[in-house]
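Let me begin by presenting the structure, written as structure tokens, before commenting on it.
The values are calculated or read from the model by the stated rules, or taken from the named source; none is laboratory data. Everything quoted here is computed from the prediction, not taken from an experiment. As a convention, Cβ positions derive from the backbone with ideal geometry for all residues, glycine included, and neighbour counts pool all protein chains shown. These accessible areas exclude ligands, DNA and RNA; they are computed on the full protein's heavy atoms, side chains included. Shrake-Rupley method; radii C 1.70, N 1.55, O 1.52, S 1.80 Å.
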Amino acid sequence: MNYYMTFDIGGGSVKYGIIDENAEIIEKGSFKTPHSGDGEKDLDELIKNISEVTNEFKPKYNLVGVALSAPGAVNNKTGFINGASALPYIHGPNIKELIENSTNLKMAMENDANCAALAEVWNGVAKGCKNVLFVVCGTGIGGAVIVDGKLHTGKNLYGGEFGFMIAEADFKNKKFSTWSDKGSTNAIVRRAAELKGIDKSELDGKKVFELADNGDKDAILAIDEYFETTAKCIYNLQYSFDPEIIVIGGAISARKDLVERIEQKLDIIHEGISIADIRANIKVCKYFNDSNLLGAVYNFKATYN
């Protein structure tokens with residue numbers, strides 16, 4: 001049996017695991033993401049920690065290589081991570097080269113949202129599907145595009161950055177709102193605080209939903225507007241890409257009524273657009289916290305097989 005060493009670099013911690021050929025997580029753990037403020041020092045510590053964890057498991061497992069999930073515009077071919085994230089020090093150096101040299105193993109890496117999508121294609125709700133859209137609903141909106149079973153990252157590695165889609169437009173006053181502006185958990189909090197006339201620091205997403213469940217009209221309206229935006233953008237995605245399935249991930253995907261609420265808004269859209277006869281097949285992701293680890297391994301297999 002072959003095994004894969006996999007890492008998911010996050011802003012607060014780096015998760016790691018040993019995953020086998022059947023998408024089973026054999027062991028897992030984590031360590032704190034370096035944050036001293038000294039970029040060079042933090043990078044050295046990150047690579048050192050990755051190397052030490054990998055070497056710890058080498059005697060126990062037949063490790064094929066190292067799989068990495070990371071934020072930013074990850075370029076698996078060149079080994080560089082472009083764009084920006086909460087970890088500036090990973091943008092610039094050749095991460096792939098550094099990890100391969102420190103572990104003496106082959107390495108493959110991909111953007112974290114793309115990894116989450118690949119996990120669902122490998123053994124999740126999108127298993128067996130060739131054309132899939134994955135939408136990550138969190139503090140912003142991210143995502144991934146799968147075409148013919150493979151990631152479509154685009155010319156500038158921005159494929160799947162659905163959060164940049166324009167959700168509202170006022171050309172006269174040059175004011176535009178993106179999906180992230182209007183349909184993220186941050187948007188719910190910001191809108192609820194605005195309606196209640198309080199500072200948004202007094203609320204968070206969980207609190208707004210609790211208020212709504214208890215009948216708070218401002219919270220109910222903020223959440224209703226969120227679902228309107230989400231349904232509108234999902235409708236656009238369905239008619240732009242015509243995927244077999246649209247998978248929703250992120251913290252909000254844990255809500256049991258999520259798909260039902262989106263479907264209710266889609267009903268209204270389809271009633272208003274009589275010629276729209278194709279409905280989006282919306283599913284909530286199977287994997288949550290482990291999705292990036294699993295997807296990184298799937299990407300490794302696709303890179304070298």
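What do you reckon, is I273 at pLDDT 95 or above and either surrounded by 20 or more Cβ atoms within 10 Å (Cβ to Cβ) or of a type in the set (D, E, K, R) (or both)? No, not satisfied.
Condition check for I246 on (1) hydrophobic (A, V, I, L, M, F, W, C); (2) open to solvent by 70 Å² or more (accessible area, probe 1.4 Å); (3) in contact (Cβ under 8 Å) with a residue 12 or more places away in the chain: one failure, at (2). On the stretch given as segment 1-39, residues that are without any contact (Cβ under 8 Å) to a residue 60 or more places away in the chain, closer than 17 Å to N111 by Cα and among the aliphatic types (A, V, I, L, M) total 1.
For segment 162-173, does any single residue satisfy the condition of being of a type in the set (F, W, Y) and over 18 Å from I248 (Cα atoms)? Yes, that holds for at least one residue.
With respect to L258, determine if the residue is within 19 Å of the chain's Cα centre (by Cα) and touching a residue at least 24 places away in the same chain (Cβ under 8 Å). So L258 fits the description; yes.
Checked against the criterion of being aromatic (F, W, Y), without any contact (Cβ under 8 Å) to a residue 40 or more places away in the chain, crowded, with 16+ Cβ neighbours inside 10 Å and out of contact with any Ser or Thr (no Cβ under 9 Å at 6 or more places or on another chain), the candidates F57, F80 yield just one match: F80. On the given criteria, is K265 open to solvent by 10 Å² or more (accessible area, probe 1.4 Å), assigned to a helix (DSSP H, G or I) and out of contact with any helix residue (DSSP H, G or I) (no Cβ under 6 Å at 6 or more places or on another chain)? For K265, the condition - open to solvent by 10 Å² or more (accessible area, probe 1.4 Å), assigned to a helix (DSSP H, G or I) and out of contact with any helix residue (DSSP H, G or I) (no Cβ under 6 Å at 6 or more places or on another chain) - is not met. Starting from residues that are at pLDDT 95 or above and open to solvent by less than 10 Å² (accessible area, probe 1.4 Å), keep the ones in segment 87-114 and report whichever is nearest to Y61 (Cα to Cα). Applying the filter and picking the extreme gives T103.
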